[in-house]
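A.B. asks: Before we start, here is the structure in question, set down as structure tokens.
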Amino acid sequence: MGTEGAGRRLVLLRHAKSEWPDVADHERPLAKRGRRDAPVVGRWLGASQYVPDAVICSTALRARETWDLVSAELPPGALPAVRYEPRVYEASVLGLLMLVREFDPGWSTALIVGHNPGLAELTAGLARPDAEAVPHAFPTAAVAVLGLPGPWAEAAPGESRLLAFTIPAELR
């Protein structure tokens, strides 16, 4: 059964809390809190049935480490394909939207592990203007799930439903 033309779910995950050691920004690792929060998000994704078909992850170390910890908590046999995409690092909202429009039409649920302000702006930009719960803040390890009405290639501002938004503190 194909998903061509069916609605899509876009899961946006900001990387978990990172350390600030004396290294290049791209190489910053997760902090203790980040290593604690990321598995909580993974369990929530599985329990909420938001396990993605595919993952597009920033190449930044903190994003890769976040995905590793999240994916370890997904249901057995539910490990999606992951692509480490340099364009996610420091991506603008427009850059992220263009990336979403390139997604494989066979994916029904896709997850982006990335950074702010791009993820927060993409969430607010894609959500319908009447959405009541669009987050004003998008803290580390926050997750937004958007329901897109049509194919990825037609993703457009103001047309998606905000299906869920959570942060690790709400999941404990």
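A.B. asks: Which residue is farthest from L10 (Cα to Cα), if the candidates are limited to region 139-160 and must be hydrophobic (A, V, I, L, M, F, W, C) and either in contact with an Asp or Glu (Cβ under 9 Å, 6 or more places away or on another chain) or surrounded by fewer than 16 Cβ atoms within 10 Å (Cβ to Cβ) (or both)?
C.D. replies: A141
A.B. asks: While we're on this one: May I ask you to list the residues in region 85-98 that are buried (at least 20 other Cβ atoms within 10 Å of the Cβ) and in contact with a helix residue (DSSP H, G or I) (Cβ under 6 Å, 6 or more places away or on another chain)?
C.D. replies: Selection gives A91, L96.
A.B. asks: Then there is this: Can you name the residue in region 48-66 that is in a loop (DSSP other than H, G, I, E, B), under 13 Å from the mean Cα position of the chain (by Cα) and not aliphatic (A, V, I, L, M) and is also surrounded by the fewest Cβ atoms within 10 Å (Cβ to Cβ) among such residues?
C.D. replies: Looking at residues that are in a loop (DSSP other than H, G, I, E, B), under 13 Å from the mean Cα position of the chain (by Cα) and not aliphatic (A, V, I, L, M), I get Y50.
A.B. asks: Look through L45, L69, L97, L79 and report the one residue that is of a type outside the set (S, T, Y), in a helix (DSSP H, G or I) and over 24 Å from R172 (Cβ atoms).
C.D. replies: L97
A.B. asks: Identify all residues within region 153-172 that are in contact with a helix residue (DSSP H, G or I) (Cβ under 6 Å, 6 or more places away or on another chain), closer than 13 Å to A124 by Cα and part of a loop (DSSP other than H, G, I, E, B); write none if there are none.
C.D. replies: Listed by number, the list holds a single entry, P157.
A.B. asks: Going through region 104-147 one residue at a time, which ones are touching a residue at least 60 places away in the same chain (Cβ under 8 Å) and in a loop (DSSP other than H, G, I, E, B)?
C.D. replies: Correct list: P105, G106, W107, S108, H115, N116, F138, P139, T140, A141, A142.
Read-outs: derived from the displayed coordinates by stated rules, not from any lab. As the structure is a prediction and not an experimental result, all values here were calculated from the model. Note that each Cβ is placed from the backbone with ideal geometry, even for glycine, and that neighbours are counted across all protein chains shown.
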